[in-house]
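Down below is the structure, laid out as structure tokens.
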Amino acid sequence: MANKKADGVVEAAHLNKDGDLLWVRAYERRGPTWSDVVLLDRANLISRLEKGKRFFIGKRIEFQASEFEIGEPIRLQKKKEERFLVVGKSGKVEADSIAQFPRL
């Protein structure tokens, strides 16, 4: 894994017909190692980000249990009362910017 301190790695995302994020498939840091696959709905992912956890887009390297290819960080942006998930750099945010999420 690169020198990025990650609390979680999102491997894939599931969207509804309208393109809204429903849930993600992720791995979470458990001390010196990683969890098995966990499914997090949008609300749970946002909750973890609000608590200061750092999630990145990435994927597990085959046959290397605790090694990941880490990509862009997932950030939480707030606009008034709304919260949006953003990957990479973006200007004005009106909806989740999830174009870089790997699709499931």
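The values are calculated or read from the model by the stated rules, or taken from the named source; none is laboratory data. Note that the structure is predicted; figures quoted are calculated from it, not measured. Here the Cβ is made from the backbone with ideal geometry for all residues, glycine too, and neighbour counts use every protein chain on show.
The residue that is surrounded by the most Cβ atoms within 10 Å (Cβ to Cβ), among those in the range 1-21 that are part of a loop (DSSP other than H, G, I, E, B) and modelled with pLDDT of 85 or more, is A6.
Residues that are under 20 Å from E28 (Cβ atoms) and either modelled with pLDDT of 90 or more or assigned to a strand (DSSP E or B) (or both) within the range 62-82 comprise F68, E69, I70, G71, E72, P73, I74, R75, L76, listed in sequence order. Within the range 1-15, residues that are over 14 Å from F55 (Cα atoms) sit with their Cβ atoms under 7 Å from residues that are in a strand (DSSP E or B) and modelled with pLDDT of 90 or more, at 6+ positions apart or across chains, in these pairs: H14/L22; H14/W23; L15/L22.
Restricting attention to the range 30-54, the residues being closer than 16 Å to H14 by Cβ and in contact with a strand residue (DSSP E or B) (Cβ under 7 Å, 6 or more places away or on another chain) number 8.
Being of a type in the set (K, R) and either touching a Cys at 6+ places or on another chain (Cβ under 8 Å) or crowded, with 16+ Cβ neighbours inside 10 Å (or both) is the filter here; which residues of the range 24-52 pass it?
Of the range 24-52, the ones of a type in the set (K, R) are 25, 29-30, 42, 48, 51.
Listed by number, the residues that qualify are R25, R29, R42, R48.
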